[in-house]
Amino acid sequence: MEKESPLVRLCLEEACKSGESVERWRLQRRSLERLPPHLADALLRHLLARRLLFPSLLEVFKHSVEKIDFRGESSINAEWMAYIGGFLNLSSLNLSDCPRINNSTLWPITGLTSLKELDLSRCSKVTDAGIKHLQSVANLEKLWISQTGVTEAGISLLASLRNLCLLDLGGLPVTDHNLSSLQALTKLEYLDIWGSNVTNQGAVGILKFPNLSFLNLSWTSVTQAPNVPHLECLHMNKCTLLSIEITHTSASASLKKLVLSGATFSAETETFFFTNKSSVTYLDVSKTSLQNFAFLETMTKLEHLDLSSTAFGDDSVEFVACVGDTLRNLNVSDTKITTAGVEILSGHVPKLETLSLSQTFVDDLSILYISTMMPCINALDLSMTSIRGFIQQQEEESKKSKPSLAALQSLTSLGTLSLEHPYLSDNALSPLSSLTGLTHLSLRSTSLTDFTLHNLSSLPNLVSLGVRDAVLTSIGLEKFKPPLTLRTLDLRGCWLLTKDAIAGFCKRHPHIKVRHEFAQESSSLDQNRLLPRSSPQQSFAKTSRRKSNQRPETSAAVSRSFIDQRVKYNRDELVALQDSPSSRLLPREGNFVSVPEILADSVIHMVIQ
Amino acid sequence: MRETVKLISMEGFEFVIDREAAMVSQTIRSMLTSPGGFSESKDGVVTFPDISTTILEKICQYFYWSLQYSRGKETEFYIEPELTLELMMAANYLHT
């Protein structure tokens with residue numbers, strides 16, 4: 001996203017300050033038509049974020065806007081889409097997770113001749129009839145319809161969109177027959193068919209896409225990795241990898257990213273699968289049954305390596321050390337690695353930036369190895385380890401122990417630190433207050449008190465802080481002076497805090513989003529927007545965002561901060577309200593996403609991703 | 001004497017401001033400092049045929065406000081909502 005200059009930003013903020021300020025510029029038609037596309041896009045984005053956008057206001061943007069991102073907006077319906085249909089220069093439209101989008105609301109899209117990118121992911125009401133509307137958008141280059149209601153017949157229709165270079169059909173019942181009909185799409189570079197009905201037989205057809213560089217076959221019954229000539233990225237999560245065409249192994253020389261999380265290997269594939277994969281820079285073999293990690297030695301270009309939840313242990317660390325020179329991210333959480341393994345590793349990974357050792361047996365000594373031998377670390381996860389915060393001195397001055405976390409000070413780029421661990425005490429964590437570079441810190445321990453909270457207020461750059469399950473008191477929270485940069489405070493599980501204490505804190509610091517059992521969802525902060533597509537966290541972020549989007553457009557009389565009436569009133573008041581005439585003022589049911597729907601949604605995401 | 005530059009609006013109105021203030025705009029800065037012999041860098045006069053007098057005046061105010069702000073005087077810069085669109089376009093052009 002382009003960074004606006006300071007005065008442009010001031011103008012955008014002023015223009016979107018209130019509904020009244022909008023009224024004062026919305027009739028300047030000539031200016032609006034002359035707006036350069038990136039400014040028009042930014043203005044539309046700001047209006048949406050400030051909840052000032054409504055269908056008829058869209059009209060003024062129809063000549064200037066090129067990109068629209070309505071991700072997760074529950075208000076987008078046929079009326080909005082009717083206006084969107086008039087956007088002559090629109091090239092990119094994101095309607096993913098818009099629950100009210102269905103086949104008929106898509107009809108106006110047929111007139112958008114300049115449309116190149118369309119995202120309908122998880123619009124579950126879109127079916128084959130909706131795809132028929134899309135057929136007339138001949139210039140479409142990128143199309144996302146994962147987890148929609150489209151079936152085999154609808155997928156076949158896509159073959160007429162000859163300009164497609166990206167096609168996301170994740171979670172749809174794509175068949176072998178579909179794949180062969182889609183071979184007409186010779187420009188295709190990106191094909192996502194996770195969870196489809198494609199078999200080995202159909203997968204052979206994938207070879208006929210001459211330009212394919214990305215392929216996702218996760219959750220399919222494909223057992224044989226197709227050797228697509230120019231493939232750079234292959235996902236086969238949860239697949240069973242049985243056989244390999246050894247004759248073609250040279251073909252995969254361009255492969256850079258290989259994601260095989262949860263895949264099953266047979267005895268012979270385990271040895272052969274990774275030969276000739278030396279070009280790989282990104283490898284994810286987490287949650288696999290791999291026993292032998294010797295293949296890592298050949299992957300000399302590795303930058304990202306995920307070995308979490310595997311049989312990886314100290315005896316295999318040397319293979320990682322062999323290729324450590326280029327490594328930037330390493331995840332070995334939930335493995336058998338111990339401090340001895342970290343010792344072997346240290347000194348061999350000079351460029352390592354992200355390291356996760358959570359749920360392992362590493363202890364305080366490993367902190368010393370990390371802080372002295374891994375100078376570039378900027379994110380470190382040490383949750384649920386054997387770290388106690390102190391190193392027992394062996395010398396005669398028995399019983400004297402040295403705080404171990406102080407050593408982290410030498411990691412000058414450390415920004416993110418996770419130390420969620422039940423036995424860490426205030427004393428052990430006190431050196432953290434000197435880590436002034438920290439931006440994200442998460443702690444979770446029942447031994448923590450107000451002392452730690454107050455101690456951490458001296459961290460000048462902290463953006464998010466989690467102190468979960470701690471024995472924080474209401475008075476302690478009241479006295480807490482959060483750093484100016486703080487935006488998120490996670491206090492879940494702090495059972496001593498009262499409702500008033502949380503509410504008081506929210507009131508004093510409205511720019512901080514508080515997470516606690518007593519905290520209300522705030523709608524003004526939208527930090528989840530920048531998450532990449534289809535990452536697992538997104539689904540959760542999305543649901544929480546959706547909850548905050550339930551603002552009824554119709555009844556401005558109802559205070560906006562109270563979204564769910566059950567939050568606004570307690571039970572007795574609610575019962576009393578039932579018969580009052582004003583209950584008719586409450587928003588119509590259609591504006592809500594019901595709780596079961598949200599739950600179902602997140603469950604689906606959890607299962608799939 | 002302090003060095004000044006002259007900015008001329010669409011309607012021909014002339015604004016004489018400190019060179020230092022005008023340099024807040026990256027576009028004007030490169031016009032005034034480029035060695036390639038822009039006539040602007042010789043005479044210190046820049047004409048903006050697309051920017052109206054009202055907007056150019058506001059832009060000049062912003063230049064001075066921005067200088068003060070960078071020196072630690074944290075006041076607010078008020079923009080009338082009806083000027084936001086045109087001002088935004090001018091700011092975009094001037095990279096300020």
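The values are calculated or read from the model by the stated rules, or taken from the named source; none is laboratory data. Predicted, not measured: the structure shown is a model, and the values here were computed from it. Ideal geometry is used to build each Cβ from the backbone, glycine not excepted, and the neighbour counts take in all protein chains shown.
Data overview
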{"item": "Verdict on B:LEU94 being more than 9 Å from chain A (Cβ to nearest Cβ) and closer than 26 Å to A:GLU14 by Cα", "result": "no"}
{"item": "Residue count, the stretch A:422-434 (criterion: surrounded by fewer than 21 Cβ atoms within 10 Å (Cβ to Cβ) and either free of Cβ contacts under 8 Å to residues at least 12 places away in the same chain or of a type outside the set (Phe, Trp, Tyr) (or both))", "result": "8"}
{"item": "Candidates A:ASN237, A:ASN197, A:ASN227, filtered to the one that is part of a loop (DSSP other than H, G, I, E, B), crowded, with 16+ Cβ neighbours inside 10 Å and in contact with a Pro (Cβ under 9 Å, 6 or more places away or on another chain)", "result": "A:ASN197"}
{"item": "Residue in the stretch A:169-182 that is part of a loop (DSSP other than H, G, I, E, B) and among the small types (Gly, Ala, Ser) present", "result": "yes"}
{"item": "Test: residue in the stretch A:207-219 that is under 22 Å from A:LYS257 (Cβ atoms), of a type in the set (Phe, Trp, Tyr) and in contact with a Ser or Thr (Cβ under 6 Å, 6 or more places away or on another chain)", "result": "no"}
{"item": "Residues located in the stretch A:203-212, provided they are assigned to a loop (DSSP other than H, G, I, E, B) and touching a helix residue (DSSP H, G or I) at 6+ places or on another chain (Cβ under 8 Å)", "result": "A:PHE209, A:LEU212"}
{"item": "Test: residue in the stretch A:465-484 that is within 26 Å of the chain's Cα centre (by Cα), part of a loop (DSSP other than H, G, I, E, B), surrounded by fewer than 16 Cβ atoms within 10 Å (Cβ to Cβ) and aliphatic (A, V, I, L, M)", "result": "yes"}
{"item": "Among residues of the stretch A:127-150, those that are over 18 Å from A:SER104 (Cβ atoms) and surrounded by 16 or more Cβ atoms within 10 Å (Cβ to Cβ), counted", "result": "7"}
{"item": "Which numbered condition B:MET88 fails, given (1) within 23 Å of A:LYS3 (Cβ to Cβ); (2) away from chain A (no Cβ under 11 Å)", "result": "(2)"}
{"item": "Failed condition for A:LEU52, given (1) crowded, with 20+ Cβ neighbours inside 10 Å; (2) among the aliphatic types (A, V, I, L, M); (3) within 14 Å of chain B (Cβ to nearest Cβ)", "result": "(1)"}
{"item": "Residue among A:ASN163, A:ASN178 that is crowded, with 22+ Cβ neighbours inside 10 Å, more than 28 Å from the chain's Cα centre (by Cα) and polar (S, T, N, Q)", "result": "A:ASN178"}
{"item": "Single residue of A:HIS304, A:HIS348 found to be more than 24 Å from A:ARG388 (Cβ to Cβ), under 28 Å from the mean Cα position of the chain (by Cα) and not basic (Lys, Arg)", "result": "A:HIS304"}
{"item": "Residue list for the stretch A:104-133, filter: of a type outside the set (Val, Ile, Thr) and over 28 Å from the mean Cα position of the chain (by Cα)", "result": "A:SER104, A:TRP107, A:PRO108, A:GLY111, A:LEU112, A:SER114, A:ASP128, A:ALA129, A:LYS132, A:HIS133"}
{"item": "Positions within the stretch A:6-25 being among the charged types (D, E, K, R) and within 30 Å of the chain's Cα centre (by Cα), in sequence order", "result": "A:ARG9, A:GLU13, A:LYS17"}
{"item": "Complete set of residues in the stretch A:1-14 that are more than 15 Å from B:ALA90 (Cα to Cα) and crowded, with 19+ Cβ neighbours inside 10 Å", "result": "A:GLU14"}
{"item": "Residue count, the stretch A:283-308 (criterion: surrounded by 18 or more Cβ atoms within 10 Å (Cβ to Cβ) and among the hydroxyl-bearing types (Ser, Thr, Tyr))", "result": "3"}
{"item": "Breaking point among (1) modelled with pLDDT of 90 or more; (2) in contact with a Ser or Thr (Cβ under 9 Å, 6 or more places away or on another chain), for A:PHE390", "result": "(1)"}
{"item": "In the stretch B:47-85, residue nearest to the other protein chains (Cβ to nearest Cβ) [restricted to those that are over 18 Å from B:LYS6 (Cα atoms) and acidic (Asp, Glu)]", "result": "B:GLU82"}
{"item": "Residue tally, condition surrounded by fewer than 18 Cβ atoms within 10 Å (Cβ to Cβ) and either of a type in the set (Ser, Thr, Tyr) or facing another protein chain (nearest Cβ under 9 Å) (or both), over the stretch A:32-42", "result": "3"}
{"item": "Answer residue from the stretch A:485-513, given it is charged (D, E, K, R) and within 23 Å of A:SER425 (Cα to Cα) and is nearest to the chain's Cα centre (by Cα) among those", "result": "A:ASP490"}
{"item": "All strands (runs of 3 or more DSSP E) inside the stretch A:275-333 with 1 or more residues being free of Cβ contacts under 8 Å to residues at least 60 places away in the same chain and farther than 19 Å from A:CYS233 by Cβ", "result": "A:329-331"}
{"item": "Enumeration of residues in the stretch A:334-387 that are part of a loop (DSSP other than H, G, I, E, B) and of a type in the set (Val, Ile, Thr)", "result": "A:THR335, A:ILE337, A:THR338, A:VAL349, A:THR360, A:VAL362, A:ILE377, A:THR385, A:ILE387"}
{"item": "Single residue of A:GLU4, A:GLU23, A:GLU73, A:GLU14 found to be facing another protein chain (nearest Cβ under 9 Å) and either part of a loop (DSSP other than H, G, I, E, B) or within 22 Å of A:LYS142 (Cα to Cα) (or both)", "result": "A:GLU4"}
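Residues checked against (1) under 19 Å from A:CYS165 (Cβ atoms); (2) free of Cβ contacts under 8 Å to residues at least 40 places away in the same chain; (3) surrounded by 22 or more Cβ atoms within 10 Å (Cβ to Cβ); (4) out of contact with any strand residue (DSSP E or B) (no Cβ under 6 Å at 6 or more places or on another chain):
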position: A:HIS63; (1), (2), (3), (4): no, yes, no, yes
position: A:LYS67; (1), (2), (3), (4): yes, yes, no, no
position: A:CYS98; (1), (2), (3), (4): no, yes, yes, yes
position: A:LYS125; (1), (2), (3), (4): no, yes, no, no
